[in-house]
Amino acid sequence: MGKLLQTKELAALMSDSVKSETEKWKARGVQPTLATVIVRGDPASEVYARVKERLARKLGIAFRNISFEADVTEQRLLEEIGKLNADPDIHGIMLELPVPEHIRSGKLADAIVPVKDVDGLSAQNKLACLLGEEGLYPATPQSCIRIAKHFGIPLQGKNVVLIGRGATVGRPLLQLLLRENATVTVCHSHTEDLAVHIARADLLITAAGKAGLVTADMVHPELTVIDAGINEIPEGIVGDVAPDVAEAVRAMTPVPGGVGTLTTVILFENLMKALGFQYLERGGRNERL
């Protein structure tokens, strides 16, 4: 059986670092605060919001959960985001996805000021990720890169197959992989014969959102797998990769216990970065942000 790339210990180290930074901000008279905007109706996103709230408390970060009924209007959500943008005591804003069909998630994401957009979903932060400029990048792509570096998985010059081209994971992750000088093949719903591409890969990263997409007959013993998929099935939360693939590859991240474990912590790393941006916007003055 291949090595399971558990990330609990790495997440704990990263959490300790965030907690230390939080204490430094508090010593300056600033209470780091994250606000999440959620439209009720999706059980998974509500659970995720509670997970973030629990971690925030452990890290000493204030957390504001602002929830709305499923029939809320887009305009009402835009008004709420506008208030959070203007509130100097709110340093990070997250929009929990998915939202109902009558609401345009992209419009809401773009309404969040970039220096508070800890999810990295606004157009300005997406462009920063694309160009390699300073900004707040999405947490899940960062998690994949962090796992590779932590476990000594080489990227430079290696063949990486990335399954998924979504706006929140696949596309930004492509840019981060290219920045690491990996040779990347992007596969998606129209790709024919995934196994052909996987056969040439040193590293496979999945972010497709389809349970059981990659099966044991599609992989090889020298392959490392980072599974960034999150899928809810009757048995629980699973990734894109069938569990028995772990027996046929060199190493693989579990779901849960892999990418997602780091993703939540990285959101709070982004909050610390956001605080720095907001402090700089005020000319470095030691005052309420």
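The values are calculated or read from the model by the stated rules, or taken from the named source; none is laboratory data. Predicted, not measured: the structure shown is a model, and the values here were computed from it. In this analysis, Cβ positions are derived from the backbone assuming ideal geometry, glycine residues included, and neighbour counts consider all displayed protein chains. Ligands, DNA and RNA are excluded from the accessible area calculation, which covers all protein heavy atoms including side chains. Shrake-Rupley method; radii C 1.70, N 1.55, O 1.52, S 1.80 Å.
Given the criteria exposed (fewer than 12 other Cβ atoms within 10 Å of the Cβ), free of Cβ contacts under 8 Å to residues at least 12 places away in the same chain, among the small types (Gly, Ala, Ser) and farther than 20 Å from residue 111 by Cα, does residue 86 qualify? No, not satisfied.
Filter the range 221-244 down to residues that are in a loop (DSSP other than H, G, I, E, B) and surrounded by 14 or more Cβ atoms within 10 Å (Cβ to Cβ), then give me how many there are. Walk me through how you get there before you give the answer.
So the first thing to find is which residues in the range 221-244 are in a loop (DSSP other than H, G, I, E, B), and the list is 221-223, 228-230, 234-235, 239-240, 242.
Still in the list and also surrounded by 14 or more Cβ atoms within 10 Å (Cβ to Cβ): 223, 228-230, 239-240, 242.
Adding up the residues that qualify gives 7.
Checking 167, 195, 199 one by one, the residue that is under 19 Å from residue 129 (Cα atoms), hydrophobic (A, V, I, L, M, F, W, C) and loosely packed, with under 15 Cβ neighbours inside 10 Å is 167 and no other.
Evaluated against (1) open to solvent by 30 Å² or more (accessible area, probe 1.4 Å); (2) under 19 Å from the mean Cα position of the chain (by Cα), residue 59 falls short on exactly one condition, (1).
When the range 126-137 is limited to residues that are in contact with a Pro (Cβ under 9 Å, 6 or more places away or on another chain) and open to solvent by 10 Å² or more (accessible area, probe 1.4 Å), the one that is farthest from residue 267 (Cα to Cα) turns out to be 130. Hey, any hits in the range 70-87 for a residue that's in contact with a Gly (Cβ under 8 Å, 6 or more places away or on another chain) and more than 21 Å from residue 125 (Cβ to Cβ)? Checking the range 70-87: at least one residue is in contact with a Gly (Cβ under 8 Å, 6 or more places away or on another chain) and more than 21 Å from residue 125 (Cβ to Cβ).
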